[in-house]
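The values are calculated or read from the model by the stated rules, or taken from the named source; none is laboratory data. Note that this is a predicted model, so its numbers are computed, not measured. Cβ: placed from backbone, ideal geometry, glycine included. Neighbour counts: every protein chain shown.
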Amino acid sequence: METPTSPITLSIPSNSPKPKPSQSQVDSHGSHPLKSLNLCIAFFENLDSLIPISDPLFISKNSTLLTASLDRKLVPCIEILKKILGNEENAKDLIRLLCRCNWVVTRDPKSRLLGNIAFMESCGIVGSQLSTLLKRQPWLFIVQESLLRSVVARVVEMGFSLNSGMLVHGLYTVSCLRNGTISRKLDLLCGFGFSGDECMDMFRRTPGLLRTSVEKIKFGIDFFLNTVEFKKSVLIHTPWILMHSMENRVSARYRVLEVIKSKRLLKRDPSFYDALILPDNEVLDKFISRFRGDAEELLVTYKAHVLDSTDEEDS
């Protein structure tokens, strides 16, 4: 019969070093993760009271912000972004930027952010244009510089000049759309009888035109060429009118002017183009309220789209 053995006990000398946390328990700077987490939280809370750092949903969607290096990434990146966005009043823009694209501050700024900013500034995209682009397309600031350069090169090939005020608008549109989408939109314009050069001219004058839906472009071109009977040259030189709300602005003003013409309220027929570019208050003064006897009818005509939508909701 074996003699029971007593349990083995290990004694640690009082002067022995304390066990160290494993590598997984220490961040890249040798700091304890809990301490780093608390520092990150305190940092964001100090940025602005509007940052919902205590919101579980915000934390779950932006957890990478709390694990990024405070000294090497978060602090320098945010200081760079704040400088681009402007004064302290733009704190809301910074918050929206972090909520929309938090990875813009989770990389070492020397790796991409600073280089891309320097490249865009060398192209003439500076000041408010750089700030606007950052808010609209933050991914352009942290892609590989070679990719950014290729996008800018394509924009230049499409006729935009470096250091021109329109370059940033062309860059924004091209960076928003796939190559196939751009080609389809240009083909759509050509389908209405515009030449390739005319289509590109329209794009360079109003880059946002290609971000407009196919349906809206079709309806607008058809309305201006066939209903209003504008010459194509009007759309070539002022393509931005295709981006107006067709129902709230274009059709509404056209209906009012048609009533004015039918009633011969003016000695000379008013110019629809002139009416189209006026602000709302001037349209009301010049084409509605001045005709006291017909003001009610003109106003109903002007607001017909609102009344129609109300009737549909009530039915």
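Going through region 116-127 one residue at a time, which ones are within 15 Å of SER164 (Cβ to Cβ), small (Gly, Ala, Ser) and not in a loop (DSSP other than H, G, I, E, B)?
SER122, GLY127
Determine which member of the set VAL152, VAL143 is outside the structural domain of ALA68 (by TED's automatic domain parsing), over 16 Å from the mean Cα position of the chain (by Cα) and assigned to a helix (DSSP H, G or I).
That would be VAL152, the only listed residue that is outside the structural domain of ALA68 (by TED's automatic domain parsing), over 16 Å from the mean Cα position of the chain (by Cα) and assigned to a helix (DSSP H, G or I).
If the requirement is being out of contact with any Pro (no Cβ under 6 Å at 6 or more places or on another chain) and in contact (Cβ under 8 Å) with a residue 40 or more places away in the chain, which of these qualifies: GLU247, GLU215?
That would be GLU247, the only listed residue that is out of contact with any Pro (no Cβ under 6 Å at 6 or more places or on another chain) and in contact (Cβ under 8 Å) with a residue 40 or more places away in the chain.
I want to confirm something. Restricting to region 205-226 and keeping residues that are in contact with a helix residue (DSSP H, G or I) (Cβ under 7 Å, 6 or more places away or on another chain) and not in a helix (DSSP H, G or I), which single residue is farthest from SER251 (Cα to Cα)?
THR206
In region 174-204, which residues are under 21 Å from PHE230 (Cα atoms) and either assigned to a loop (DSSP other than H, G, I, E, B) or β-branched (Val, Ile, Thr) (or both)?
GLY191, PHE192, GLY193, PHE194, SER195
Just name the residue that is surrounded by the most Cβ atoms within 10 Å (Cβ to Cβ) out of those in region 189-244 that are under 22 Å from LEU171 (Cα atoms) and of a type in the set (Ser, Thr, Tyr).
THR206
Does LEU257 satisfy being crowded, with 17+ Cβ neighbours inside 10 Å and modelled with pLDDT of 95 or more?
So LEU257 fits the description; yes.
Yes or no: SER175 in contact (Cβ under 8 Å) with a residue 12 or more places away in the chain, surrounded by 14 or more Cβ atoms within 10 Å (Cβ to Cβ), out of contact with any strand residue (DSSP E or B) (no Cβ under 6 Å at 6 or more places or on another chain) and of a type outside the set (Phe, Trp, Tyr)?
Yes.
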